[in-house]
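A short write-up of the structure that comes next.
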Amino acid sequence: MASFLRTPLFSVDLSISSRIDDSLRMSASSSLRVRRPGTADLKVSGSVKRNTCLIVQASKEPLELTRELREKQKTTFEEKNDELDPFEELKPRFLNFKKRVYLENLDHYQNLAEGQAPKFMVIACADSRVCPSNILGFQAGEAFTVRNVANLVPPFQHGASEVNAGLEFAVNSLQVANILVVGHSRCGGIRALMSMKRDDDTRSFIRDWVSIGKTARLSTEAAAGNLSFEKQCKHCEKESVNTSLLNLLTYPWIEERVNEGTLSLHGGYYDFTDCSFEKWTLVYRQCLEGGSKYSIKNRSFWS
Ligand SMILES: [Zn+2]
């Protein structure tokens with residue numbers, strides 16, 4: 001894991017790292033480049049560099065202390081390394097998947113190796129609690145999935161993003177029949193959207209991204225502005241799904257296929273506080289006479 005060490009008086013160029021053993025034998029001042037305070041930070045990553053940096057700092061001290069510190073840091077790091085390797089848990093899971101799923105359905109997976117024809121494109125939040133394959137049971141090859149903070153779809157005019165790159169491929173190449181946008185309870189991205197101050201010009205990737213949902217925030221404030229902040233967030237979690245569904249229609253090749261009846265747009269909402277799922281379908285026609293072009297049908301609630 002990367003960390004940043006800020007030296008209060010000196011910063012040391014890591015280019016000396018390959019000569020560190022020599023530098024320990026020599027006087028420290030003969031091998032260190034010293035810069036003015038505050039001119040540089042050391043970015044350290046990985047075990048070797050971390051130990052090296054600590055040794056370099058220590059090399060300003062007497063030699064014996066340097067040796068002790070080096071041994072202590074080495075032991076500490078090795079102990080931590082033994083405890084914290086997260087892949088020790090993943091390896092048996094993967095091998096179990098290979099044995100119980102892949103090899104037992106070998107024909108299916110070999111067909112998938114030649115190509116995919118999913119019926120769904122799913123746009124879901126990046127939140128670790130709301131994986132669509134976990135909650136809706138999508139199997140390999142069933143759902144082309146894009147996940148992002150707050151499951152937002154930017155409008156066509158917004159320009160390139162990973163969402164519309166995925167949409168272009170799923171709709172125009174894979175010819176998916178359904179796009180499902182899934183919102184969820186206690187969404188941090190929606191909370192960030194609802195918490196944004198209008199006069200706050202602080203730049204942040206999260207702020208810039210979630211501002212795509214500002215229409216949903218305005219609708220929420222109009223419809224539920226008298227409710228508590230928590231309830232407004234919950235309202236906006238669903239409202240932003242509808243905003244995203246309407247944004248999908250700003251893409252000419254999506255609107256065309258929806259009009260043809262070869263593509264359906266669906267909203268979903270997963271509440272992990274009571275494990276329930278709500279779904280609905282957006283109806284859209286270009287030439288409906290009188291009334292809105294949009295309506296909702298097939299709303300259902302699973303609990
Ligand atoms: Zn979320």
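Every number in this text was worked out from the coordinates using simple rules, so none of it is lab data. Everything numeric in this text was worked out from a predicted model, so none of it was measured. When we count neighbours, we look across all protein chains shown, and the Cβ atoms used for this are built from the backbone with ideal geometry, even at glycine.
A few remarks follow.
- Here the range 116-155 is scanned for amide nitrogen atoms under 11 Å from the site 7 Å beyond the Cα of residue 275 along Cα-to-Cβ, giving none.
- Taking the range 109-124 and a reference point 7 angstrom along Cα→Cβ of residue 173, the backbone N atoms nearer than 18 Å belong to 112-123.
- Amide H contacts of residue 122 (H built 1.01 Å from N, in plane; Pro and chain starts excluded): 144, 145, 146, 180 sit under 5 Å, all sequence-distant by 5 or more or on other chains.
- Interchain or long-range residues, amide H under 5 Å from residue 264's placed H: 178, 179
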